[in-house]
Amino acid sequence: MRLERLYRRRVPADQVITPELTRACTELSHELRREIGLVITRRGTIEQVIVGNGRELMLSDASRYRAGPRFLRGVRLIHTHLHNGPLTQHNLTTLALLRLDLIAAIGVGSNGLPADIHVAHILPPNPQERVYAVWAPCAFHKFELEFDKFIEALESELGRASASHAVNQGREAAILISASTKARDDQEERLEELAELVRSAGLVVLETLTQRLHEIHPKYLLGSGKLKEVVIRALQRGAGLLIFDQDLTPAQVRAISEVTELKVIDRTQLILDIFAQRAHSREGKIQVELAQLRYLLPRLSGGSTALSRLGGGIGGRGPGETKLETDRRRIRDRIAHLERELTAFVRQRDQRRARRFRQKLPTMSIVGYTNAGKSTLLNALTESQVPVGNRPFETLDTSTRRLRFPRNREVIITDTVGFLRDLPKELMGAFMATLEELHDADLLLHVVDASCTSFDMQIKAVETTLSELELDQIPRVLVFNKCDRLAAEEVEVLRRRYQALAVSAVRPATLIPLTDFLAEATRDVTRVHPPSQPKPADSPARLTRGQVEVQ
C-alpha cells in the first residue's frame, strides 16, 4: 500500500523531488533494507516505482520513454542509497546508456531520514570527451536546483552541439566494432576493409574498437561490459551507428538493440546497403532487393514472443494474423514475385548466349576482388565507357563487349561484380543467375590490384569463391593491374613469382603483352559445346584447364 501511495504523488516542474516524497522513500528504504527508485517525467508524474534486489536497482523497459528528436529521454531517476553511499559506476552507466535527464542518489541516514544527495547528468560533446558530470555531494535539506530551467538550458546546449556536428560532418557517423578469435593481423585487415566499405557507403568513420576473445559471446558478440563501453563511447563521439565486422545473428541484433537505441548493423547489411545504392539496371535492382528480403526475413520480430504464437493452431485460433505474421507473408510473396521476374531475365540472357554460341565466338570473363580495376581494364581493352570509380562495388551490372584482334577476329569479354572475402550468402544466392555466365567462359582473367598490401589474401579469396562456384576448372590467367604504382623491379618480381601478366589499365602501352597473349590463347578456340554444358573431353580448345602459365 505504501508503494502504491507513491504513484499518487506529483512533483512540481521546478523541483527534482519534493522533501515529503523524499522522506517517504528513505523511510521505506530504511525499513525494507532495499533501494527505492522513482522514475519521474518532466510533467512531474511518477511513472515507475522500483524496489532494488539488494545489490542494484534495475530500470525495466526503458524503451517506453522515447526522447524523439531530443537528445535526452525526458525522465529522471531518483533513488535511495543505503548507508548514504555515492553514485556507483552502474548508476553512471545507466545514466549514459538510457540518456536520462538526471540521476540522483539520496542517502538514507541511520534514522531513516534523508542524508546527502548525489547528482549526475549527461554532458554535451566536449574536448575532454567527458560523458557526464558528477556533482559534489550536498546535504539534502540544503540542495537547491530549478529543474525546469536546468533541463531547458541543458537541452539547448545539447541541441547546439548536435547541430554543429551535423554541419561539420554532413553525413552519418559510425563506430566500427570487431570481436574476433582469429589472429590480430587478420582482424586488423578485416577492419581496414570494413572501414573502406563504410566510407564507400557515404558514412564517416569516427573510431574502430576491437576485442580479442577466446570464444564469441553468444548473446552480445562482445562481452556485456565491453558492449556498454562501446555504446557510451559512441554517445560520447556523437555516432549514430554501430557497425560490426562480424555477422550478427537475429538474436544478437535484438539483444544489442535492447542495450542501445543506436542503429546496429553488421557487415552483410552494410554490403547490401552499398549494393542498393549502386544497382542501376532493373535486373540489378531485383537481385539486390531479393538479397535484402532474404536477409530481413529471419530478423523480423514482434513486440513480444507471445504475439508470434497468435493466429492459428490449438489455443491460438480466433485472433487472426498478427502484424508480424502479415509482414512475413508479404515478404515471402514479394520474394516469390522477384524470383519470377529474375527468371525472365535469365531467359533473355540465355537467348543472348545462344546467339553468341551460334556465332562461335570465344568468351572471356573478367573476375577479381572488388576495386581491382576490372571495369577500367574492360574500358581500356574495348574502348568502352562503362562507369568506373575508385571504391568497392562500383560495378554491379554485368557488361559485355566485343574485343577485336587483327585479321577481323573477335572475342566476347564480360565484366562481372567484384568478389569479397566472406561474401554474404544472400548476395551469392541473388547474383547466382548473373554468375552463371562465368560457366560459359573459355578463359577467366583474374585481375589483382598489385598496389594492395594484402593482394595475397585477395587472390586466395577469389580462388575460394571460384571453387565454391565450381569455376576452378576453367582456364584462367592472373593479371596484376595498377602496376604503375610500383617500381619496375617490384613488378618484375611479381610477374615471375606468380607467372602472371603485369599491366596498368590507365596506360595503354602496358596492355600490348596482354592483348597479344589473349589473341594467341583464343586463336584456335571453337565453340563446339552449347552454353552452360560441360565441354567434352575431346574438345579442340587449345586452352588447358586450371591456371594458364604465362611465359
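Throughout, read-outs are computed from the coordinates displayed, never taken from laboratory work. Since this is a predicted model, take the numbers as computed values, not measurements. Cβ sites come from the backbone with ideal geometry, for glycine too, and all protein chains shown count toward neighbours.
Obtain the nm distance between the two label points defined at V388 and K263 by a simple spin-label model: each point lies 7 Å from its Cα along the Cα-to-C-beta direction.
Inter-label distance under the simple model: 3.2 nm.
Hey, got the dipole for the range 439-492? About the Cα centre, +1 on K and R Cβ, -1 on D and E Cβ, debye to the nearest 20? Don't jump to the answer; show the numbers that get you there.
Working: 4 positive and 12 negative charges, 29 e Å.
That gives a dipole near 140 debye.
How big is the Kirkwood radius of the range 359-521, worked out from every pair of different alpha carbons and given in Å to one decimal? Present the calculation step by step, with values, prior to reporting the outcome.
Values: mean 1/r = 0.0626 Å⁻¹.
Across the range 359-521, the inverse of the average 1/r is 16.0 Å.
Please sort 499-506, 29-36 by packing, taking for each peptide the average over its residues of neighbouring beta carbons within 10 angstrom, highest first. Don't skip to the end; give the middle numbers.
Numbers: 499-506: 21.6, 29-36: 17.8.
Peptide ranking by packing, descending: 499-506, 29-36.
Determine, from the Cβ-Cβ distance of R485 and T464 and an R0 of 35 Å, the FRET efficiency 1/(1 + (r/R0)^6), rounded to the nearest 0.05.
Values: r = 26 Å, r/R0 = 0.74.
Rounded to the nearest 0.05, the efficiency is 0.85.
Amide H neighbours of R34 under 5 Å, at least 5 residues apart or on other chains, H built in the peptide plane: list them.
Counting only residues 5 or more places away or on other chains, the set is empty.
Taking θ = phi - 60°, what integer Hz values does the Karplus form 6.51 cos²θ - 1.76 cosθ + 1.60 yield along the range 500-514, in sequence order, with x for Gly and Pro?
Couplings: 10, 9, 10, 9, 9, 5, 8, 10, x, 4, 6, 8, 4, x, 5 Hz.
Where Lys and Arg each count +1 and Asp and Glu each count -1, what net charge lies around V367 among other residues with Cβ under 12 Å from its Cβ?
On the way: positive: K374, R476; negative: D415, E437, E463, D472.
Result for the neighbourhood of V367: -2.
Once the other residues with Cβ under 14 Å from the Cβ of H337 are scored (Lys, Arg +1; Asp, Glu -1), what is the net sum?
Values: positive: R282, K285, R294, R329, R330, R332, R334, R340; negative: E289, D333, E339, E341.
Here the count lands on +4.
List the GluC sites (Glu not before Pro) in the range 416-499 that DSSP assigns to loop (not H, G, I, E or B) and whose Cβ has at most 14 other Cβ atoms within 10 Å. Which are they?
Taking the range 416-499 and a limit of 14 other Cβ atoms within 10 Å, the loop GluC sites (Glu not before Pro) found are E470.
Evaluate the distance, in nm, between pseudo-label points positioned 7 Å from the Cα of I512 and of R332 along their respective Cα→Cβ axes.
Result: 6.3 nm between the two label points.
Sequence-distant or interchain residues sharing an amide H contact under 5 Å with L123, placed H: which?
Those qualifying (amide H under 5 Å, at least 5 residues apart or on another chain) are Y132, A133.
Taking 7 Å along the Cα-to-C-beta vector as the label spot, tell me the T453-R523 distance in nanometres, rounded to one decimal.
The modelled label-to-label distance comes out at 4.4 nm.
Rounded to whole Hz and in sequence order, give me ³J(HN,Hα) for the range 18-32 from the Karplus expression 6.51 cos²θ - 1.76 cosθ + 1.60, θ = phi - 60°, writing x for Gly and Pro.
7, x, 5, 5, 4, 5, 4, 6, 5, 5, 5, 5, 5, 6, 7
Between R184 and S224, what's the calculated FRET efficiency when r is the beta-carbon distance and R0 is 30 Å? Round to 0.05.
Values: r = 23 Å, r/R0 = 0.77.
Calculated value: 0.85.
If you add up the charges near R294, with Lys and Arg at +1 and Asp and Glu at -1, over every other residue whose beta carbon is less than 13 angstrom from its beta carbon, what do you get?
Here the charged neighbours net out to +2.
Compute the length gained on full extension between E341 and H439: take 0.36 nm times their separation in residues and subtract their Cα-Cα distance, giving the result in nm to one decimal.
Details: separation 98, 0.36 × 98 = 35.28 nm, distance 2.20 nm.
Difference between extended and current length: 33.1 nm.
Name the residues whose placed amide hydrogens come within less than 5 Å of the amide hydrogen of V75, ignoring near sequence neighbours (fewer than 5 apart) on the same chain.
Distant-sequence amide H within range of V75: D101.
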